[in-house]
1. May I ask for the Kirkwood hydrodynamic radius of the chain, worked out over all distinct Cα pairs and given in angstroms to one decimal?
2. In sequence order, what are the phi-derived ³J(HN,Hα) couplings for the stretch 62-75 according to the Karplus relation 6.51 cos²θ - 1.76 cosθ + 1.60 with θ = phi - 60°, rounded to whole Hz, with x for glycine and proline?
3. Which whole-Hz ³J(HN,Hα) couplings does the stretch 164-175 yield from phi under the Karplus relation 6.51 cos²θ - 1.76 cosθ + 1.60, θ = phi - 60°, glycine and proline marked x?
4. So what are the ³J(HN,Hα) numbers for the stretch 317-325, from phi and the Karplus equation (6.51, -1.76, 1.60; θ = phi - 60°), rounded to whole Hz, Gly and Pro as x?
5. Pick out, from Leu241, Leu293, Cys268, the residue whose Cα sits farthest towards the positive end of the charge dipole of the stretch 231-304, with +1 on the Cβ of Lys and Arg and -1 on the Cβ of Asp and Glu.
6. Using the alpha-carbon centroid of each, what span in Å lies between the stretch 232-300 and the stretch 138-195?
7. What is the sum of charges, Lys and Arg at +1 and Asp and Glu at -1, for the other residues whose Cβ falls under 9 Å from the Cβ of Thr63?
8. With each run of n ≥ 4 DSSP H residues scored as -39500 (n - 2.57), what mean residue ellipticity at 222 nm is computed for the chain after dividing by its residue count and rounding to the nearest 500 deg cm²/dmol?
Amino acid sequence: MSAARLETHAGWVDLAAACLGGRALLASDEFFAPKENLLVRGRAVFCAERYTDRGKWMDGWETRRRRTPGHDWCIVRLGLAGRVRAITVDTGHFRGNHPESASLEGFDAGLAGIDNAGASDSLQQADWRPLAVRTALLGDHENRLEVLDVGRLTHVRLHIFPDGGVARLRVFGSVEPAWPRILAGASAIDLAALAHGGRVLDCSDAFFSRPIHLLLPGDGASMADGWETRRRRGPGHDWALLRLGRRGRLQRAMIDTRHFKGNFPARCSLEGADLPGLADDAAAFGDAPWQTLLTPSALGPDAEHAFMLEDVGAVTHVRLNIFPDGGVSRLRLFGRPEARTEEAG
């Protein structure tokens, strides 16, 4: 089976992914298969001969056949709070036992004054807002639901009508960190972290794995859980373009080549630019006034590398260059965030 990687859609990240801290908290029923399967990485698998004492083993969430009025549901706490842009309800391998239709709701626990997990009663009584209207589902299919823009969310509730099985739930969106809480905790933070709104805008190559993995929390689990380019046979070098989660002065970097032993880059460098007006327009960065944060520096295999950075003032975007090619597991860019206009004074 191929390695499971963090899923994205049109540049948006799966806010509900278990690897980002997403958690299925409550479900009306999970008789045949547990709710936690909804959020794991990768497509569901099917094992023809595998059964449990309750019936056929299924890689997803599956409720029993409903014999009373009503429908089934599951509440999910997003790993990263954000604004939802796209939703996939994947019924992979559920053919005669998939739900007839599904809908979703969402709410922001911060606005509701509910803690990170939330008690059962609090979650049930929260001010849920319609996120995706009831939509017919196809069996064994990645069903895309049309999303309503309801602002920042921390939790979603999946409704399935009336019962059945769903293999995976993907909640794609843009991360919207709780900046007042983050800024109160530390003077220097990882401004490139996915959890702080960092994004990868473009890269020279992503043949083996994508650069979004550079910004994930925690350590890489394998080479698939990093960014790896193909072997370069011509001139030049590979690079990845990042937008920081917040404009700031960078002080130090950590570049981790964990798991990359015979395929790590020989050297790396970092450049920064202060271009708040360009936002996510990667095509506009060709003539950007890049400044050197880190001159080309040697890297070794399967190790963390710490670097102090040149103070070039506040930056919004960073370009990681690797020479000539290879794999990097994680990139951390620590610095002091700059106050926004509305926060100054």
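1. About 21.5 Å for the chain.
2. Going residue by residue, I get 9, 9, 6, 6, 7, 10, 10, x, x, 8, 9, 8, 8, 9 Hz, with x marking Gly and Pro.
3. Those phi angles translate into x, x, 10, 6, 9, 10, 10, 10, 7, x, 9, 6 Hz.
4. Residue by residue, the stretch 317-325 yields 9, 9, 10, 8, 9, 10, 10, x, 6 Hz.
5. Cys268
6. 27 Å
7. Its environment carries a net charge of -2.
8. -1000 deg cm²/dmol
Taken together, the values in this text are just the output of simple stated rules run on the coordinates, not laboratory data. Treat the numbers as computed from the prediction; the structure is a model and nothing was measured. Ideal geometry is used to build each Cβ from the backbone, glycine not excepted, and the neighbour counts take in all protein chains shown.
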